[in-house]
Each structure stands twice: as C-alpha cells, then as structure tokens.
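Readers should treat all values here as calculations from the given coordinates under stated rules, not as data from a laboratory. Given the structure is predicted, the values throughout are model-derived calculations rather than measurements. All Cβ positions, glycine included, derive from the backbone under ideal geometry; neighbour counts span all protein chains shown.
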C-alpha cells in the first residue's frame, strides 16, 4: 500500500480565521458524509454543501462515494465532480470495481480510496493525506471481512496503513462493513491512535455516536446520502418484490425523500476528537425541483 498525498487548499480556505479553521495545535473539524446513493444522492450533497459550509465551517470534507454511479460504483467523471465541489477525499467499499472505467483512475487520483485490505494486485490505494493551512489529515479506507469480499484482514492491514501515513495531525478511518461487531471492535482497537473511526455501508444511521475513552470519535454507521423513501436507496416496491418472491429483480434508485446524512468531528489536539455530532438533513427545499 502506497500512501498518496494531495493538497486540500482552495480559494474558500483563504482569508481570516474562522471557527472551523485549523491551527498549529491540530484544531480542525472534519465533515464525513455517508454513502452517496445515485444521482439523487449526489445532487443532495451538492445542494447541501453551501449550507453545511456556512453552518459548520468544516476544515475538511470526506465522502463515501461507492454508490454514486446509479447506485453501484463510481466513474472518473463523477469523482472529478465531487472533488471539484470541494470534497477532499472520496472513500469507497465493496462496489469499488463495479465500473471498469474507474480502474486506471483509482491508481492515478490520490484523493480516491478503495479499502486498504483489498489485494495489493487490485487497482487503487487505501490511504492518503491532504493538507490545509499546515494541518495534515490522513484518511484510511478499510473493509470488513464478514459477509464482504475483502482479500485481507482489516485488523492486520490497518496497522501497516497507519504506519505509512507519517506525521498526520488527524486520521479518519472509514470502516466499510456489514457486521456491526467488526465496526465496534475496530473503534476500540484504534481508540487513542486515530481521530475517528466512522462506519459506512449499511445506509442506516446509528444512535451510538460518541468519543471513546482514548479520544477517538466513533459511530457504527453514518447513514446514507440519498432517498429515505426507498429501502436503503432502492425503490421500495422493487425491494419488497424481491423479498416476497425470492426471485431476481432489477433494482433502481429511489427518488423519494432525499436526505444528507453525515457526522461532524471537532478536534483541538492532534489525534484526539473533542466531539462527534450527527448531521441529518433533508435536501434543501429550494433545490427540490432541480436536477
């Protein structure tokens, strides 16, 4: 696994110090956006970002984008759109390789991460660092092993990933897993060694956001940015038909009741979180008729 580095500086970061701005002691805030599902999820994020930046003034923004392309995978075009909108790092998961056109992009773009415990022969990398105003943020993507096809153990590969990040003021780990037990265990395993462990993949926000005793912010699942009116993003009638008939059904992304689901992690010391706050909000009403 090779660590990738990119600058997160942008014109919006210039100017006077604000509440969310970092300082030399590691003061910063990180907004982590849960799994973006389909075009409706992408538009919900893009419409919400101005509101979120004004309200929370995050230093860094991370988003899980593994479902952004029609509900499965991601394309270079969509990844570029998210990065251009101010997403500092995109994390992925078990649908990383659903779109073949993204393979070369995963190797070339430092800001998009597939799970670090995939096979080393597979395209992409699992960790990167970004920097703004002298504060260096490390991000690691890791996949659970229960019920998911990750080539190597999450708990052994996370150690080498952390070792290769170098001197980062803060580290955020996206634990993309089906089993809540694996996510909780990873939180305790890394407590005091990283700033945050956030769970993704199951698309339903959990009520256990907290700062662990060692100073690591934790939540079992951030939730999804997409349509609450479906079944974890799928049109509900299709999901119900599949469950009723036990037959193959072509799933489509629901368009109903789009919400953004995220967490805001505030920090004032290196590798320690002061707080973790859930951010659950509907797509801004003024934008409902667009896109």
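Of note:
- Condition check for residue 116: crowded, with 24+ Cβ neighbours inside 10 Å and over 16 Å from residue 200 (Cα atoms): no
- Residue match in segment 56-69 (condition: part of a loop (DSSP other than H, G, I, E, B), within 16 Å of residue 43 (Cα to Cα), in contact (Cβ under 8 Å) with a residue 60 or more places away in the chain and in contact with a helix residue (DSSP H, G or I) (Cβ under 8 Å, 6 or more places away or on another chain)): no
- The set of residues from segment 83-103 being part of a loop (DSSP other than H, G, I, E, B), buried (at least 24 other Cβ atoms within 10 Å of the Cβ) and either touching a helix residue (DSSP H, G or I) at 6+ places or on another chain (Cβ under 7 Å) or in contact (Cβ under 8 Å) with a residue 60 or more places away in the chain (or both) comprises 88, 92, 93.
- Residue count, segment 272-287 (criterion: touching a strand residue (DSSP E or B) at 6+ places or on another chain (Cβ under 8 Å), in a loop (DSSP other than H, G, I, E, B) and surrounded by fewer than 20 Cβ atoms within 10 Å (Cβ to Cβ)): 1
- Among (1) in contact (Cβ under 8 Å) with a residue 24 or more places away in the chain; (2) under 20 Å from residue 172 (Cα atoms); (3) in contact with a strand residue (DSSP E or B) (Cβ under 9 Å, 6 or more places away or on another chain) - the single one residue 106 does not satisfy: (1)
- Criterion violated by residue 217 - all others in (1) under 23 Å from residue 71 (Cα atoms); (2) surrounded by 20 or more Cβ atoms within 10 Å (Cβ to Cβ) satisfied: (1)
- Within segment 143-160, none of the residues are surrounded by fewer than 22 Cβ atoms within 10 Å (Cβ to Cβ), closer than 30 Å to residue 26 by Cβ and in contact with a strand residue (DSSP E or B) (Cβ under 6 Å, 6 or more places away or on another chain).
- Single residue of segment 188-214 satisfying the filter (over 13 Å from the mean Cα position of the chain (by Cα) and crowded, with 24+ Cβ neighbours inside 10 Å) that is farthest from residue 271 (Cα to Cα): 190
- Cross-chain or 6+ apart pairs with Cβ under 8 Å, segment 128-155 first and at negative phi and without any contact (Cβ under 8 Å) to a residue 12 or more places away in the chain, then part of a strand (DSSP E or B) and surrounded by fewer than 24 Cβ atoms within 10 Å (Cβ to Cβ): none
Yes or no, residue by residue, for (1) in contact with a helix residue (DSSP H, G or I) (Cβ under 8 Å, 6 or more places away or on another chain); (2) on the phi < 0 side of the Ramachandran plot:
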{"residue": "192", "(1), (2)": "no, no"}
{"residue": "203", "(1), (2)": "no, no"}
{"residue": "217", "(1), (2)": "no, yes"}
{"residue": "224", "(1), (2)": "yes, yes"}
{"residue": "237", "(1), (2)": "no, yes"}
{"residue": "242", "(1), (2)": "no, yes"}
{"residue": "250", "(1), (2)": "yes, yes"}
{"residue": "254", "(1), (2)": "yes, yes"}
{"residue": "258", "(1), (2)": "yes, yes"}
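- Subset of segment 243-271 that is surrounded by 16 or more Cβ atoms within 10 Å (Cβ to Cβ) and farther than 22 Å from residue 221 by Cβ - its residue that is nearest to the chain's Cα centre (by Cα): 271
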